[in-house]
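Heads up, the thing below is written out as structure tokens.
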Amino acid sequence: ATYKIRNVATGRYLDSELNGVVTLAGSGPYDDQQWVATQQASGAWTFRNVRTGRYYLDTDATNNAVLWNSGEIIADSSWSPESTTGGLRLRNVKSGRYYMYATSAGELKWNTGSTDNTTVWAFERQ
């Protein structure tokens, strides 16, 4: 299914930009805010951007960044959704990387285990 993914704390949506960048932005009509959720055989989920040439929501060790990759399905780009009040937390499958969260500056990061409201995501079916 295709979704817009909104951070519950900020009200902003995952938005793919050029060069692997994923930001948080207000709701817009463009496909760069649409993500296809697919469950893998392992039980983990991937989130692929529908914009041509942009692929899976991924994590990077540099500055705890969350970005989109060039098509690899590996631990870095696999997520385990966890139900919580108000939505879901997305925990990265790679060892040592935990929850995707929104910063006050509009950046997308992963943390090492804290679970405040910046780690809660709502999935809006498109």
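Summary table
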quantity	calculated
Residue within the range 17-24 that is in a loop (DSSP other than H, G, I, E, B) and either at positive phi or open to solvent by 40 Å² or more (accessible area, probe 1.4 Å) (or both) present	yes
Count of residues meeting criterion [part of a strand (DSSP E or B), among the aliphatic types (A, V, I, L, M) and within 14 Å of Trp35 (Cα to Cα)] in the range 47-89	2
Flag for Ser42 being free of Cβ contacts under 8 Å to residues at least 24 places away in the same chain and open to solvent by 40 Å² or more (accessible area, probe 1.4 Å)	no
Output for the range 105-115, where each listed residue is within 18 Å of Arg6 (Cβ to Cβ) and free of Cβ contacts under 8 Å to residues at least 40 places away in the same chain	Ala105, Thr115
Criterion: open to solvent by less than 60 Å² (accessible area, probe 1.4 Å) and modelled with pLDDT of 95 or more - qualifying residue of Tyr56, Tyr98	Tyr56
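The values are calculated or read from the model by the stated rules, or taken from the named source; none is laboratory data. Since this is a predicted model, take the numbers as computed values, not measurements. Every residue, glycine as well, gets a Cβ built from its backbone with ideal geometry; the counts of neighbours run over all protein chains shown. Areas reflect the complete protein model, heavy atoms only, side chains present, ligands, DNA and RNA absent. Shrake-Rupley method; radii C 1.70, N 1.55, O 1.52, S 1.80 Å.
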